[in-house]
Amino acid sequence: MISPRKETAMNRPLMSCVLTAIILAMALPVFGGEAPVANTLEEAFKNGTPLFTLRYRYEEVDQGNMDKNAHASTLRTTVGYRSAAYKGFNFMVEAEDISVVGDAQAYRNAGFGYLDNGVRDRPVVADPALTQINQAYFQWKNDANKAHIGRREIVIGDSRFVGNVGWRQNHQSFDAFAFTNSSLDILDLSYRYISKVNHITGKVLDMSSHLINADVTIGEIGTLGLYGYMLDYTRPTTYGLSTATYGAEFKGKAELSENFGLLYEAEYAAQSDYGNNTGSIDATYIHLMAGAALKPVTLKIGYEVLGGDAATTDNKGRFLTPLATLHKWNGWADRFLGTPGAGLNDLYFLASGMLGPVKGLAVYHIFTADDGDADYGKEFDIQFTYKTSWKQTFGLKAALYSTDAPEVVAPATPLPFEVDSSKFWVFTSYSI
């Protein structure tokens with residue numbers, strides 16, 4: 001007898017084919033131009049836009065404390081539909097399927113509950129096979145206001161605090177209500193209420209959280225972003241993630257000539273325990289960046305601090321960002337998805353630009369403890385992408401992390417940053 005888990009895994013490639021057929025059938029009548037403005041409810045349905053993406057990725061992970069490497073070959077397929085607007089209202093729905101192409105036991109997928117593939121002797125690649133409705137929401141907008149309610153991917157700013165974790169195959173989405181006002185040219189105000197977080201592992205986390213943002217344009221020198229994120233998780237196992245974070249970020253660019261500009265960014269935030277959190281947090285966040293845009297190359301140097309408490313005697317806790325797109329920050333090897341107890345300092349150097357038709361990006365990190373003098377490690381990340389005229393992207397990406405932490409002797413379990421790790425990716429994506 002085939003188990004439900006195996007039967008589901010066997011059917012996933014078929015599901016992808018079915019979803020692809022559906023979107024192509026939906027798209028046939030509407031290809032060839034943008035949908036006109038809907039004058040009736042019937043036109044709003046007829047003149048909508050089909051949505052379709054494919055992303056295949058192969059990921060290999062070599063981790064120092066494991067004899068076997070991870071080999072994850074996965075395909076992400078999404079199909080969706082966005083209606084035309086009628087009297088300011090429209091809706092969007094998107095279905096998502098993640099399928100394993102090849103051996104589902106060649107990596108630990110970190111899936112939640114029945115999605116867990118049971119592998120424990122290989123490194124984690126957090127891409128469980130699943131099929132679900134990833135986005136489904138109603139939206140209303142006019143010239144100055146916009147609101148939506150339902151399930152949606154949300155990215156705020158640079159996704160340091162709230163993001164969709166778009167690198168992973170199953171994107172993070174939120175069950176939320178959001179309202180934005182742009183009545184003033186220099187000011188954008190937004191409020192979001194979040195009741196659920198649909199995590200990349202398939203886990204659903206309940207919360208009652210409030211996110212407030214005010215973005216002020218200061219002439220031509222930059223933008224000042226003020227924010228308050230009050231996260232209150234409502235299940236006992238996640239009470240410790242409940243925090244209140246208040247901060248400000250200023251960033252901008254000074255154009256000195258046609259081919260040369262200065263980049264700058266400064267951010268500070270203070271975090272405390274909030275809501276159901278029974279612990280104590282009194283931690284700070286700092287991010288400073290300076291750079292130069294030398295067309296076609298951009299150079300940056302940055303320093304990021306997530307506060308911590310090495311001795312755990314000061315009751316300061318550690319600075320947490322549980323809703324962030326964490327893969328984007330502190331190295332692509334994902335050694336710092338959780339802030340260490342002693343906090344984290346990340347000194348980084350970044351270079352990006354075009355090499356002919358190929359876009360390149362390289363980053364070097366030096367990681368140390370915020371509280372104390374511990375050296376965590378160093379990492380070099382590099383990526384190349386090429387986008388074709390038919391809207392398909394091809395990419396190569398690698399992350400090489402080398403620990404500076406003392407060797408951990410068994411039976412003790414090393415922390416992620418105490419283990420050497422290298423990752424390699426080959427990927428391609430297509431969308432309409």
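The values are calculated or read from the model by the stated rules, or taken from the named source; none is laboratory data. On a predicted model such as this, the values are computed, not experimentally measured, just so you know. All Cβ positions, even for glycine, are placed from backbone atoms using ideal geometry, and neighbour counts span all protein chains on display.
Annotations
- Of the strands (runs of 3 or more DSSP E) lying entirely inside the range 297-400, the ones with 1 or more residues being modelled with pLDDT under 95 are found at 344-355.
- The range 157-194: number of residues that are out of contact with any strand residue (DSSP E or B) (no Cβ under 9 Å at 6 or more places or on another chain), surrounded by fewer than 22 Cβ atoms within 10 Å (Cβ to Cβ) and within 25 Å of PRO236 (Cα to Cα): 0
- Hey, THR413 among the β-branched types (Val, Ile, Thr), in contact with a Leu (Cβ under 8 Å, 6 or more places away or on another chain), within 30 Å of GLY279 (Cα to Cα) and not in a strand (DSSP E or B) or not: no
- Residues of the range 195-227 that are buried (at least 17 other Cβ atoms within 10 Å of the Cβ) and either out of contact with any strand residue (DSSP E or B) (no Cβ under 8 Å at 6 or more places or on another chain) or modelled with pLDDT under 95 (or both): ILE200, THR201.
- Pairs with Cβ under 8 Å, 6+ apart, first in the range 293-312 and within 12 Å of ALA283 (Cα to Cα), second of a type in the set (A, V, I, L, M, F, W, C) and outside any loop (DSSP other than H, G, I, E, B): VAL305/ILE286; VAL305/LEU344; LEU306/ALA283; LEU306/LEU344; GLY307/ALA283; GLY308/ALA283; GLY308/LEU344; ASP309/ALA283
- When GLY157 is tested against (1) assigned to a loop (DSSP other than H, G, I, E, B); (2) within 20 Å of the chain's Cα centre (by Cα); (3) under 29 Å from VAL100 (Cα atoms), just one condition goes unmet, and that condition is (3).
- Residues located in the range 334-385, provided they are free of Cβ contacts under 8 Å to residues at least 12 places away in the same chain and at positive phi: GLY356
- Taken over the range 108-146, the criterion of being basic (Lys, Arg) and in contact with a Phe, Trp or Tyr (Cβ under 8 Å, 6 or more places away or on another chain) is satisfied by ARG122, LYS146.
- Residue pairs meeting the criteria (Cβ under 8 Å; at least 6 apart or on separate chains; first on the phi > 0 side of the Ramachandran plot, in the range 100-117; second small (Gly, Ala, Ser)): GLY102/SER73; ALA110/ALA126; GLY113/GLY202
- When the range 307-332 is limited to residues that are over 29 Å from LEU262 (Cα atoms) and of a type in the set (A, V, I, L, M), the one that is surrounded by the most Cβ atoms within 10 Å (Cβ to Cβ) turns out to be LEU323.
- On the stretch given as the range 100-149, residues that are at pLDDT 95 or above, among the polar types (S, T, N, Q) and surrounded by fewer than 17 Cβ atoms within 10 Å (Cβ to Cβ) total 3.
- Candidates in the range 228-281 are the residues that are more than 22 Å from LEU211 (Cβ to Cβ) and aromatic (Phe, Trp, Tyr); of these, the one that is modelled with the lowest pLDDT is PHE260.
- Within the range 402-416, considering residues that are surrounded by 15 or more Cβ atoms within 10 Å (Cβ to Cβ) and over 20 Å from the mean Cα position of the chain (by Cα), the one farthest from PRO357 (Cα to Cα): PRO414
- Restricting the first member to the range 62-80 and to residues that are basic (Lys, Arg), and the second to residues that are outside any strand (DSSP E or B), the beta-carbon pairs closer than 8 Å and six or more apart or on different chains are LYS68/ASP121; LYS68/ARG122; ARG76/GLN169; ARG76/ASN170.
Okay, residues lined up against (1) farther than 28 Å from TYR376 by Cα; (2) surrounded by fewer than 15 Cβ atoms within 10 Å (Cβ to Cβ):
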{"residue": "GLY252", "(1), (2)": "yes, no"}
{"residue": "LEU263", "(1), (2)": "yes, no"}
{"residue": "GLU267", "(1), (2)": "no, no"}
{"residue": "GLN271", "(1), (2)": "no, no"}
{"residue": "ASN276", "(1), (2)": "yes, no"}
{"residue": "SER280", "(1), (2)": "no, yes"}
{"residue": "TYR285", "(1), (2)": "no, no"}
{"residue": "ALA293", "(1), (2)": "yes, no"}
{"residue": "VAL305", "(1), (2)": "no, no"}
